[in-house]
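A short worksheet on the structure shown next.
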Amino acid sequence: MTPLEPDDRELRYAEYVLGVLDARERAAVERESAERPDAAAAIDAWSQRLSPLAAEIAPLEPPARVWDAIRRRLRLDERTRVAPRAAHAGLWENLRFWHWLGLGSAAISATAIAVLLAVILRRPTPPPIPYMAATIVQADHRIGWTATMDIAHSRMIVIPGVPRRLSAGRAPELWLIPQAGRPIPVGMISDSAAVTIELPASLVARLGPTAALAVSAEPVGGSPTGRPTGPVIGTGAIGAAASAPTSPATAATRPESPPGSRAA
Amino acid sequence: MPTEDRATLERLLRETGAGDAQAFQTLYRLSSARLFGVCVRMLRDRDEAEEVLQEIYTTVWRRAASFDPALAAPQTWLVALARNKAIDRLRQRREATLEDAAALDDVIDDRPGPSADAETQEGYRRLHDCLDALDPKHANSVREAFFSGATYMELATRLTVPLGTMKSWIRRALIQLRSCLETG
């Protein structure tokens, strides 16, 4: 197949939104959308154009059993009864709060986060909230960033430690390195501020102890090719932050991880 | 169904994204009839539509935090998510039975729902006018595609035209729609 011209590509996104592509073509567009912000934006624009047509479909009240099933599936009752959301929102806000307080961010290592989470999760709240963490360590053995992944809400907060200074016109870009396959762009991060990144479902599905995070130096808008083009600044294995402190789990299995990145 | 105004849906999505189960329930109450209508219409099977509706709201719960009101109206976001889930389900079905459109008329009528909010109404009016400006064959193909989630191949079979013709009708229609909506 010949490479698509920009107009053809645009048309492809329109066809995706309209729904005329077959399963294989749909999957290809979804991959593009996960990897390229311009593709995602074009798809959003076409949704905006075509979705109003749904107004021609009369609403139809679903039977009550659907909501019951959703509640059971998401364990909403347990959540509201024994796991008041304030505790979780509070934790998330806490991570930012610490940072803004100016507490040495390097001190908030994955270890600290893991311990904090373990304490919180040990409260009698049955559904464990899956968090993962990674400490991104640089060649100078200093912590560049810590990343905490909130799986339930598909987001990641990346807090700078003592990141290496980059040359002008370069910015740090975060990548997910799957066990097999090429790096997947996660987003641009900052060397001075905490950044929250919303994660597409396709990316969340690939987070786990076999994957790692890496940061490379890229042009300010991000890698133009969708692959790392600049030098790698740091890497860190992903560990299950929600595991109990005594668990042997996670991050210390990769040779480049210093002892401090052990999640337990 | 109560009025789903944009600001209310935006707030509910934001609160759902923060893990508020109460807000999520309200969001479901306000939006599920519209999305269920879309599912039944596309899947033509109520049991399957119920399953897909479950998947849709499970995804809404998990992804609400990624909703950005600057990028999309909440209605658009929800409808797009619902249609995507329904289309994915259609693609999983190998033996799709798309022929008996008539059976569906018992279940659903095609008039615009009374509860669409003003913003959707405005978007709908413009889209409707632009569709009206197209060659009727092209406009029909676009509607058929939108409401059935059928592939090019299935549409060509159903409307008994060659595949290439169906593709060119729809592509031309999409290009014209875009420029019509931009100028409108």
In region B:75-86, anything more than 17 Å from A:E198 (Cα to Cα) and in contact with a helix residue (DSSP H, G or I) (Cβ under 7 Å, 6 or more places away or on another chain) is listed as B:Q75, B:T76, B:L78, B:V79, B:A80, B:A82, B:R83, B:K85, B:A86
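Yes/no matrix, rows are residues, columns are (1) touching a residue at least 12 places away in the same chain (Cβ under 8 Å); (2) assigned to a loop (DSSP other than H, G, I, E, B); (3) crowded, with 21+ Cβ neighbours inside 10 Å:
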site: B:L131; (1), (2), (3): yes, no, no
site: B:A139; (1), (2), (3): yes, no, no
site: B:E144; (1), (2), (3): yes, no, no
site: B:F147; (1), (2), (3): yes, no, yes
site: B:L155; (1), (2), (3): yes, no, yes
site: B:V161; (1), (2), (3): no, yes, no
site: B:W169; (1), (2), (3): yes, no, yes
site: B:R172; (1), (2), (3): yes, no, no
Of those in region A:140-164 that are under 16 Å from the mean Cα position of the chain (by Cα) and among the β-branched types (V, I, T), the residue nearest to A:A193 (Cα to Cα) is A:I159
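Of all residues in region A:167-205, how many are among the hydrophobic types (A, V, I, L, M, F, W, C) and surrounded by fewer than 16 Cβ atoms within 10 Å (Cβ to Cβ)?
Going through region A:167-205 one residue at a time, the tally reaches 5.
Residue check: is A:V162 within 15 Å of A:G144 (Cβ to Cβ), surrounded by fewer than 17 Cβ atoms within 10 Å (Cβ to Cβ) and not small (G, A, S)?
When the stated conditions are applied, A:V162 passes them.
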Filtering region A:156-171 down to residues that are in a strand (DSSP E or B) and over 22 Å from B:S66 (Cβ atoms) yields A:P160, A:R170, A:A171
Condition set facing chain A (nearest Cβ under 9 Å) and assigned to a helix (DSSP H, G or I), scope region B:9-30, selection nearest to B:G149 (Cα to Cα): answer is B:Y28
Checked region A:24-45 for anything more than 8 Å from every other protein chain (Cβ to nearest Cβ) and either under 21 Å from B:A145 (Cβ atoms) or crowded, with 19+ Cβ neighbours inside 10 Å (or both); matches are A:R24, A:E25, A:A27, A:A28, A:V29, A:E30, A:E32, A:S33, A:A39, A:A42, A:I43, A:A45
Going through region A:177-236 in order, the residues found to be assigned to a loop (DSSP other than H, G, I, E, B) and of a type in the set (D, E) are A:D191
Kindly evaluate A:R164 against the criterion of being of a type in the set (K, R) and modelled with pLDDT of 85 or more. yes
| Is at least one residue of region A:96-115 under 20 Å from the mean Cα position of the chain (by Cα), surrounded by 20 or more Cβ atoms within 10 Å (Cβ to Cβ), over 19 Å from B:T16 (Cα atoms) and modelled with pLDDT of 60 or more? | yes
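Return a yes/no flag: does region A:4-14 have any residue that is within 23 Å of B:F36 (Cα to Cα) and within 8 Å of chain B (Cβ to nearest Cβ).
Scanning region A:4-14, I find no residue that is within 23 Å of B:F36 (Cα to Cα) and within 8 Å of chain B (Cβ to nearest Cβ), so the answer is no.
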Screening A:A14, A:A55, A:A42 for residues that are without any contact (Cβ under 8 Å) to a residue 24 or more places away in the chain and under 16 Å from B:L81 (Cα atoms) leaves only A:A55
Do we have any residue at all in region B:54-71 that's hydroxyl-bearing (S, T, Y), modelled with pLDDT of 85 or more, under 30 Å from A:I197 (Cβ atoms) and surrounded by fewer than 17 Cβ atoms within 10 Å (Cβ to Cβ)? yes
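The values are calculated or read from the model by the stated rules, or taken from the named source; none is laboratory data. Just so it is clear, the model here is predicted, and its values are computed rather than measured. Here Cβ is always computed from backbone atoms with ideal geometry, including for glycine, and neighbour counts include all displayed protein chains.
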